[in-house]
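Here's the structure, in structure tokens; my notes come after.
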Amino acid sequence: GIQVEQSPPDLILQEGANSTLRCNFSDSVNNLQWFHQNPWGQLINLFYIPSGTKQNGRLSATTVATERYSLLYISSSQTTDSGVYFCAVSPSKIIFGSGTRLSIRP
Amino acid sequence: GAGVSQSPSNKVTEKGKDVELRCDPISGHTALYWYRQSLGQGLEFLIYFQGNSAPDKSGLPSDRFSAERTGGSVSTLTIQRTQQEDSAVYLCATQLNGGASDTQYFGPGTRLTVL
């Protein structure tokens with residue numbers, strides 16, 4: 001089945017720093033989503049982005065479907081950005097990567 | 001309701017007992033997913049419902065796990081003869097139509113601990 005790999009697995013940054021999270025997938029997909037799981041466990045959808053680039057405030061995402069990767073950019077990070085970021089892809093059923101754990105220190 | 005709700009929020013049970021977890025989707029959402037998240041791990045797909053039918057139940061780890069959905073609404077995930085390795089957070093997510101571009105909305109999860 002399709003493999004989804006996220007990197008880095010862990011990231012610790014100071015408040016105000018920028019970060020780039022990567023998601024590689026092993027096969028063609030028709031859906032790619034980025035999620036944030038806050039420290040209390042709640043999962044929130046950030047982007048639906050099977051291709052192209054989208055921006056929402058300090059967050060943006062780019063998917064290059066032909067090269068089978070997606071990037072999530074977080075600029076001017078805040079402590080509330082801490083948590084785990086998952087990408088999820090679906091050729092059919094939705095497959096989640098193992099996530100990037102982001103810790104923003106004040 | 002305003003969001004996806006799950007009950008109970010926490011469940012502690014003894015090995016060998018059966019448990020039933022409930023998911024109440026957002027009203028009108030036809031697609032419903034169950035996932036399992038072990039401590040510090042990613043999400044493991046269990047089963048997908050479109051309406052009351054389950055076109056994909058390939059993620060159920062064993063025949064001790066079953067799920068049903070009635071009235072295109074509430075879903076229950078049942079684990080029989082629980083084992084310690086079943087301990088995890090069980091998450092439910094729903095989509096309006098289940099299409100590839102639909103946003104998934106997650107419930108808060110049920111934390112299951114098998115002693």
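Inspect region B:71-88 for any residue being modelled with pLDDT under 90 and assigned to a loop (DSSP other than H, G, I, E, B) and give the result as yes or no. Within region B:71-88 (the criterion being modelled with pLDDT under 90 and assigned to a loop (DSSP other than H, G, I, E, B)), the answer is yes, since at least one residue qualifies. Can you name every residue in region B:55-66 that is within 14 Å of another protein chain (Cβ to nearest Cβ) and part of a strand (DSSP E or B)? Matches in region B:55-66: B:PRO55, B:ASP56. Filtering region A:4-25 to residues that are in a loop (DSSP other than H, G, I, E, B) and in contact with a Phe, Trp or Tyr (Cβ under 8 Å, 6 or more places away or on another chain) leaves only A:ASN18.
For residues in region B:88-115 being facing chain A (nearest Cβ under 8 Å) and among the hydroxyl-bearing types (Ser, Thr, Tyr), which is nearest to A:SER51 (Cα to Cα)? Selected residue: B:SER101. The residues in region A:52-75 that are under 14 Å from A:VAL89 (Cα atoms) and among the aromatic types (Phe, Trp, Tyr) can be counted, and the count is 1. Looking at B:LEU39, B:LEU32, just one residue is under 21 Å from A:SER90 (Cβ atoms) and at pLDDT below 95, and that residue is B:LEU32. Just one of the listed residues (B:LEU96, B:LEU46, B:LEU32) is in contact with a Gly (Cβ under 6 Å, 6 or more places away or on another chain) and either among the charged types (D, E, K, R) or within 21 Å of A:ASN31 (Cα to Cα) (or both), and it is B:LEU46.
Of the strands (runs of 3 or more DSSP E) lying entirely inside region A:26-106, those carrying at least 3 residues that are at the interface with chain B (Cβ under 10 Å from one of its Cβ atoms) and surrounded by 15 or more Cβ atoms within 10 Å (Cβ to Cβ) are A:32-37, A:43-48, A:83-89. Taken over region B:95-115, residues that are polar (S, T, N, Q), assigned to a strand (DSSP E or B) and more than 10 Å from the chain's Cα centre (by Cα) amount to 2.
The values are calculated or read from the model by the stated rules, or taken from the named source; none is laboratory data. The structure displayed is predicted, hence computed values, not measured ones. So basically every Cβ, Gly included, is an ideal-geometry build from the backbone, and we count neighbours across all protein chains shown.
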